[in-house]
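K.L.:
The structure that follows is given in the form of structure tokens.
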Amino acid sequence: MTNELARLSVRSLPDVFAARRLGRELAAGLGLEHQDQVRVATALSEVSRSAVSLGQTAAITFAADENSLVLSVAVDGTPPADGIAAAARLMDVVAADEQVIRMSKRRPLHSTPDFPALTERLAAMLPESTLDELRRNNQDLIAALEDVTRQKEQLAALNAELQETNRGVMALYGELSEELEQTNRGVVALYRELDEKSEQLRAAAESKNRFWANISHELRSPLNSIIGLARLLADPDGGLDAEQSYQVELIRGAAATLLTMVNDLLDVAKAESGRYVVNPTEVGLPALLATLRGLMRPVTDGKPVEVVICAEDAPPTLLTDEMALTAILRNLLSNAVKYTDSGEVRVTARTLPGRVELQVSDTGTGIPAQEIERVFEEFYQVPGARRGGTGLGLPYARRLARLLGGELTLASDAGRGTTAVLSLPLKPAAEVSGVSA
Ligand code: ADP
């Protein structure tokens, strides 16, 4: 049975080369030796070349049967004699009738060629016809042109979109720039106003402090004179009767209260104006607290209030301004005692990393939550809870605490008591030391 594997029409010289290549591939695929492969290729090449040179077309069929490689070449004319003669010397069998030349070459007995694969390989080697090639090229060209047209259209659409977007962006940019410019102008004006206002505030604060300082200073001498004179008049040998002594004592008391207020004003003005010079020294904290406790004893005024000092966790010494620290603690303690009718006032000192914390807690009236920060404002006193005083003690104490590099805060449970917390560094920061704050 003959197995046809490929066909080829040979009209030109390039076709002759293709016939030669296919012949050789067929021979190789059927397991023929190298020499025989060349023989088959040459025989085919000679037959087709001589046909083409006579202007004939040769239709070659490449095939194989059980024993041989089989080639048949049909020509549209008389088979070329020289081609047949050449082939006869190269192939095992060459037979020609009027139009067909049949040639065969024995193939190895035990070879088992892969016919489908061989058919595929031969098909891949077939030259395309010029028309086919032209058609394929044209199709490629048309596809490429269509592609180009499509891309051009997409590009045009994209460009249009881009232009539109650009116009939008430009418009938005213009709007934003204008808005930004306006906002900037507003911000600049606002800052100028703020600067002016801060300058005015600073000037006002300075005038206030200067006024306080001057007034206080001027008031202190006459007040001291009044107090001294009242004391002289109230002397038992002064010749006043009981009613007169009582009234003089009222005058002395009023003058003393006024002097306290004047002194407080002077202190606050000094602290605020920056004229307070912090002078750090080694302060023995337990001793200072004991002294303060002694000072407070008479102030309790017979009330059932115990002043307790817990200084076990206190650092033995603290590098700070002793006068300022004493003033702060005296203020806190006198407030605690003033606003506590019974119970205790406890001062606790403890060491924390890098700082000391002093708490003054009492079991007194307490401060409503909404008033906690207001009591640090000058002259502010909780409405309905006045017990004398000027409303200057806490602002002064906080001012001093900050001058020492620390902070003063309050916590309170209205009706149950208040805790003032003073937090101070164990030693002042380098730049604070000995410098006017
Ligand atoms: P002053 O005690 O002279 O009125 P301060 O500035 O020391 O002024 O205190 C302001 C206000 O804060 C006081 O009038 C008082 O209403 C409130 N206050 C301060 N300490 C206490 C306290 N320990 N308990 C209750 N209220 C307090």
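K.L.:
Exactly one condition in (1) at pLDDT 90 or above; (2) under 30 Å from A255 (Cβ atoms); (3) open to solvent by less than 70 Å² (accessible area, probe 1.4 Å) is false for S216; which is it?
P.N.:
Only one criterion is unmet by S216, namely (1).
K.L.:
Kindly list the number of the only condition in (1) open to solvent by 100 Å² or more (accessible area, probe 1.4 Å); (2) in the same structural domain as Q244 (by TED's automatic domain parsing); (3) at pLDDT below 90; (4) not charged (D, E, K, R) that fails for Q139.
P.N.:
(2)
K.L.:
Go through (1) within 20 Å of T2 (Cβ to Cβ); (2) open to solvent by less than 10 Å² (accessible area, probe 1.4 Å); (3) not aromatic (F, W, Y) one by one and return the number of the condition V16 breaks.
P.N.:
In the conditions (1) within 20 Å of T2 (Cβ to Cβ); (2) open to solvent by less than 10 Å² (accessible area, probe 1.4 Å); (3) not aromatic (F, W, Y), V16 misses (1) alone.
K.L.:
Looking at region 48-60, is at least one residue open to solvent by 50 Å² or more (accessible area, probe 1.4 Å), assigned to a helix (DSSP H, G or I), touching a residue at least 12 places away in the same chain (Cβ under 8 Å) and more than 30 Å from H110 (Cβ to Cβ)?
P.N.:
yes
K.L.:
Under 9 Å between Cβ atoms, at least 6 apart or on separate chains: pull out the pairs that start in region 290-306 with a residue that is under 16 Å from T363 (Cα atoms) and open to solvent by 80 Å² or more (accessible area, probe 1.4 Å) and end on any residue that is of a type outside the set (K, R) and part of a loop (DSSP other than H, G, I, E, B).
P.N.:
P304/D341; P304/S342
K.L.:
Still on this structure: When residues of region 70-88 are filtered for being assigned to a helix (DSSP H, G or I) and in contact (Cβ under 8 Å) with a residue 40 or more places away in the chain, how many remain?
P.N.:
Of the residues in region 70-88, 2 are assigned to a helix (DSSP H, G or I) and in contact (Cβ under 8 Å) with a residue 40 or more places away in the chain.
K.L.:
Say we look at region 307-342 and pick out the residues that are outside any helix (DSSP H, G or I), open to solvent by less than 40 Å² (accessible area, probe 1.4 Å) and farther than 26 Å from P428 by Cα; which of these is farthest from the ligand (Cβ to nearest atom)?
P.N.:
By that ranking, first place goes to V308.
K.L.:
If you don't mind, another one. Pick from region 114-125 the residues that are open to solvent by less than 80 Å² (accessible area, probe 1.4 Å) and of a type in the set (G, A, S): which of them is modelled with the highest pLDDT?
P.N.:
Looking at the filtered set, the residue picked out is A117.
K.L.:
Taking only region 343-377 into account, find how many residues are among the acidic types (D, E), near the ligand (Cβ under 8 Å from one of its atoms) and either in a strand (DSSP E or B) or over 13 Å from L410 (Cα atoms) (or both).
P.N.:
Residues flagged as among the acidic types (D, E), near the ligand (Cβ under 8 Å from one of its atoms) and either in a strand (DSSP E or B) or over 13 Å from L410 (Cα atoms) (or both) within region 343-377 amount to 1.
K.L.:
Is it the case that V278 is surrounded by 19 or more Cβ atoms within 10 Å (Cβ to Cβ), more than 20 Å from L394 (Cα to Cα) and not acidic (D, E)?
P.N.:
Criteria not met by V278.
K.L.:
With the checklist (1) among the β-branched types (V, I, T); (2) under 30 Å from P316 (Cα atoms); (3) open to solvent by 40 Å² or more (accessible area, probe 1.4 Å) in hand, flag the one item V283 doesn't pass.
P.N.:
Against the list (1) among the β-branched types (V, I, T); (2) under 30 Å from P316 (Cα atoms); (3) open to solvent by 40 Å² or more (accessible area, probe 1.4 Å), V283 comes up short only on (3).
K.L.:
Also: Would you check if D321 is assigned by TED's automatic domain parsing to the domain that holds T363 and without any contact (Cβ under 8 Å) to a residue 40 or more places away in the chain?
P.N.:
It is false that D321 is assigned by TED's automatic domain parsing to the domain that holds T363 and without any contact (Cβ under 8 Å) to a residue 40 or more places away in the chain.
K.L.:
With more than 30 Å from S12 (Cα to Cα), open to solvent by less than 70 Å² (accessible area, probe 1.4 Å), in a helix (DSSP H, G or I) and among the polar types (S, T, N, Q) as the only criterion, which of S177, S111 stands out?
P.N.:
Checking each option against the conditions leaves just S177.
K.L.:
Of the residues that make up region 397-409, is at least one modelled with pLDDT of 95 or more and among the hydroxyl-bearing types (S, T, Y)?
P.N.:
yes
K.L.:
Now for a different question. Being touching a helix residue (DSSP H, G or I) at 6+ places or on another chain (Cβ under 7 Å), within 12 Å of the ligand (Cβ to nearest atom) and open to solvent by 60 Å² or more (accessible area, probe 1.4 Å) narrows it down to one residue among R416, R399, R386; which is it?
P.N.:
Exactly one of R416, R399, R386 is touching a helix residue (DSSP H, G or I) at 6+ places or on another chain (Cβ under 7 Å), within 12 Å of the ligand (Cβ to nearest atom) and open to solvent by 60 Å² or more (accessible area, probe 1.4 Å), namely R399.
K.L.:
Oh, and also: Report, by residue number, each residue of region 231-261 that is closer than 30 Å to L394 by Cβ, open to solvent by less than 80 Å² (accessible area, probe 1.4 Å), modelled with pLDDT of 85 or more and among the aliphatic types (A, V, I, L, M).
P.N.:
Within region 231-261, A254, A255, A256, L259 meet the criteria.
The values are calculated or read from the model by the stated rules, or taken from the named source; none is laboratory data. Fair warning: this is a prediction, and the values are worked out from it, not measured in the lab. As a convention, Cβ positions derive from the backbone with ideal geometry for all residues, glycine included, and neighbour counts pool all protein chains shown. Please note that ligands, DNA and RNA were not included when accessible areas were found on the heavy atoms of the full protein model with its side chains. Shrake-Rupley method; radii C 1.70, N 1.55, O 1.52, S 1.80 Å.
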